[in-house]
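Only one structure is covered here, and it is reproduced in the block below.
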Amino acid sequence: MITANPAGASALWDGNADKGLGVFAAVLCENGASSRIKNWGDSHGNFFEFHKIAGSDRCEGHSMAGAEGQLGNNKTLWFGWSSMTKTGDASTVFQ
C-alpha cells in the first residue's frame, strides 16, 4: 500500500482584485498611464486594469505586498491567474 502525507501549504500573498491595488507593494505608472480596479459585469468579477499609453514607459503592479521576505531558494510556489484579451476597439486588455 502506498500512502502520501498531505502537503503543507499556506498562502504567501492574495492578489485578489477585490482587495484593491494595495495588494501590490507599489503601482508604477508613468507619463499619464493609469491603473484601477474594473468590472465588466460579465460574472468574472473585479480585475486590475493597467492602461499604458503611447509614450509611457510602464504601468504595472510591482511586487507582492507583505510577501517580499518570504520568497527564497528551494521553495515551490504556485501562481494562478486568468487572462483575457479584448481587441474590438483596437486596444488590448489583459485580465
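Annotations for the structure displayed:
- Residues in the range 1-32 that are open to solvent by 80 Å² or more (accessible area, probe 1.4 Å) and at pLDDT 90 or above: Asp18, Lys19, Asn31.
- Scanning the range 36-95 for residues that are within 13 Å of the chain's Cα centre (by Cα) and small (Gly, Ala, Ser), we see that the one that is modelled with the lowest pLDDT is Ser83.
- The set of residues in the range 43-77 being assigned to a strand (DSSP E or B), open to solvent by less than 80 Å² (accessible area, probe 1.4 Å) and not polar (S, T, N, Q) consists of Phe47, Phe48, Glu49, Phe50, Cys59, Glu60, Gly61, Met64.
- Filter result for the condition that a residue is open to solvent by less than 90 Å² (accessible area, probe 1.4 Å) and in a loop (DSSP other than H, G, I, E, B), over Trp40, Trp81: Trp40
The values are calculated or read from the model by the stated rules, or taken from the named source; none is laboratory data. Here the structure is a predicted model, which is why all the values come from computation and not from measurement. The accessibility values were calculated without ligands, DNA or RNA, using every heavy atom of the protein model including side chains. Shrake-Rupley method; radii C 1.70, N 1.55, O 1.52, S 1.80 Å.
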